[in-house]
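> Structure in structure tokens, see below.
The numbers here are math on the coordinates, done by the rules we state, and not lab data. A quick note: this is a predicted structure, and the numbers were derived from the prediction, not measured. Here the Cβ is made from the backbone with ideal geometry for all residues, glycine too, and neighbour counts use every protein chain on show.
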Amino acid sequence: MSNEPHILVIDDEPQIQRAVRTILTEKGFRVTTASRGEEGLTLAATNEPDIIILDLGLPDMDGVEVCARLREWTQIPIIILSVRDSERDKVAALDKGADDYLTKPFGIEELLARVRVALRHSIGRQGAQGKLIKAGSLTIDLVWHLIKRGDEEIKLTGTEYKLLAYLAANHGRVLTHQNILIQVWGPADADHTEYLRVYMRQLRKKLEVDPERPQYILTEPGIGYRFISDE
């Protein structure tokens with residue numbers, strides 16, 4: 001077995017397959033490609049890749065369905081790579097379990113940055129998940145429920161901590177409003193985005209140097225939030 005990180009690319013555009021394969025192979029990744037959703041699902045099950053890069057517009061099924069079927073049995077990080085750039089499409093894919101979303105045409109460095117983040121998540125899921133998260137001057141200890149800025153401890157309410165812990169544990173990943181609400185408040189509050197806005201403002205006031213220009217909790221307009229760590 002090769003020790004190279006393995007990436008499965010599910011995309012029916014030959015030029016995209018060639019471009020992504022070339023970019024990733026040059027950076028030391030092993031790449032497998034599929035042109036159809038069913039083929040991709042089979043390869044994911046038999047080859048167990050570290051990351052899946054998935055197009056939404058496949059000839060045999062929608063990529064959102066592929067994402068949902070993958071999430072029935074695996075937590076392999078999924079990066080959506082698609083020409084669809086509407087908030088609705090992004091939210092649909094992310095709600096079905098995708099970790100990130102990149103719109104075609106894409107920049108090489110941006111693709112590689114998203115892959116690096118996804119690979120860290122993949123390694124974390126295979127081994128011991130990192131419980132100490134650093135972001136600038138912030139330290140978040142998920143074992144002891146301790147938040148510090150430098151040497152100063154930051155006091156959070158129970159809900160504030162639960163929200164921050166979920167964001168930080170998924171650092172680098174785009175989390176939709178609905179996804180966060182379900183995880184923090186429960187399914188009954190999945191549509192209560194006003195809860196999220198209020199608590200996000202409170203968190204930013206406590207964590208950010210300048211809450212109006214956040215460095216750690218970034219807004220993905222119309223979609224959700226992303227926590228940025230040092231890793």
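> For the range 132-227, what is the charge dipole size about the Cα centre, in debye to the nearest 20, if Lys and Arg each add +1 at the Cβ and Asp and Glu each add -1 at the Cβ?
So the dipole magnitude of the range 132-227 works out to roughly 140 debye.
> Give me THR33, THR139 ranked fewest to most by other Cβ atoms within 10 Å of their Cβ, as a rough exposure proxy.
THR139, THR33
> Name the longest site-free stretch of the chain, where the excluded sites are chymotrypsin sites (Phe, Trp or Tyr not before Pro) in a DSSP loop with no more than 14 other beta-carbon atoms within 10 Å.
My reading of the result: 145-231 is the longest stretch.
> So, one more: Would you please give the FRET efficiency between LYS134 and PHE106, computed as 1/(1 + (r/R0)^6) with r the Cβ-Cβ distance and R0 = 35 Å, to the nearest 0.05?
Calculated value: 0.80.
> Taking every DSSP beta bridge with both residues inside the chain, roughly what % is antiparallel (nearest 5)?
That works out to approximately 55 percent antiparallel.
> Given the Cα-Cα distance of GLU4 and TRP73 and 0.36 nm per residue of separation, how much length would full extension add, in nm?
22.5 nm
> Based on Cβ point charges of +1 for Lys and Arg and -1 for Asp and Glu, what charge dipole magnitude is obtained for the chain about its Cα centre, in debye rounded to the nearest 20?
Charge dipole, the chain, about its Cα centre: 620 debye, nearest 20.
> Any lysines with Cα under 23 Å of the LYS90 Cα? List them, leaving off those in the same chain fewer than 8 positions away.
Straight-line reach from LYS90, under 23 Å: LYS104.
> ALA45 label point, 7 Å along Cα→Cβ, cut-off 12 Å on backbone N: hits in the range 1-39?
Under cut-off, by backbone N: 38-39.
> Further, regarding this structure: Give me the lysines in straight-line cross-link reach of LYS206: C-alpha distance below 27 Å, same-chain residues under 8 apart excluded.
LYS131, LYS134, LYS148, LYS155, LYS162
> How many percent of DSSP beta bridges within the range 1-82 run antiparallel, rounded to 5?
Antiparallel bridges make up about 10 percent of those DSSP assigns within the range 1-82.
> To continue, here is another question. If each DSSP helix of 4+ residues adds -39,500 (n - 2.57) and the sum is divided by the residues in the chain, what number results at 222 nm, nearest 500 deg cm²/dmol?
One gets -12500 deg cm²/dmol as the mean residue ellipticity at 222 nm.
> Can I ask one more? Please give me the summed charge of the neighbours of ARG197: other residues whose Cβ is under 15 Å from its Cβ, Lys and Arg +1, Asp and Glu -1.
For residues surrounding ARG197, the net value is -3.
> State the volume of the convex hull built on the alpha-carbon positions of the range 132-227, expressed per residue in Å³ and rounded to an integer.
Spread over its residues, the Cα hull of the range 132-227 gives 91 Å³ apiece.
> Could you give log10 I(q)/I(0) at q = 0.11, 0.14 Å⁻¹ for the chain, computed by the Debye formula over C-alpha point scatterers of equal weight, without solvent?
-0.58, -0.91
> Taking the Cβ of each residue in SER122, SER137 as the centre, tally the other Cβ atoms inside 10 Å and list the residues starting with the fewest.
With the fewest neighbours first, SER122, SER137 line up as SER137, SER122.
> By count of other Cβ within 10 Å, fewest leading, how are VAL115, VAL31, VAL198 ordered?
Arranged by neighbour count, lowest to highest, VAL115, VAL31, VAL198 become VAL198, VAL31, VAL115.
> Under Stokes-Einstein, with the Kirkwood radius over Cα pairs standing in for Rh, what whole-number D in µm²/s applies to the range 6-126 at 37 °C and 0.692 mPa s?
Estimated diffusion coefficient is 235 µm²/s.
> State the answer as a single residue: which of THR46, LEU203, ILE23 lies farthest towards the positive end of the charge dipole of the chain, with beta carbon charges of +1 for Lys and Arg and -1 for Asp and Glu, about the Cα centre.
LEU203
> Grab the beta carbon distance between ARG21 and ARG88, set R0 = 45 Å, and tell me the FRET efficiency rounded to 0.05.
0.90
> For GLU231 and LYS162, compute 0.36 nm times the residue count separating them, minus their Cα-Cα distance, and round to one decimal in nm.
Answer, rounded to one decimal: 22.7 nm.
> Which angle from 0 to 90°, rounded to the nearest 10, does the C-alpha axis of helix 158-169 make with the longest principal axis of the chain?
Orientation of helix 158-169: about 30 degrees from the principal axis.
> Right, another one. Subtracting the Cα-Cα distance from 0.36 nm times the residue separation, let me have the gained length for LYS206 to HIS192 in nm, one decimal.
Here the answer is 2.8 nm.
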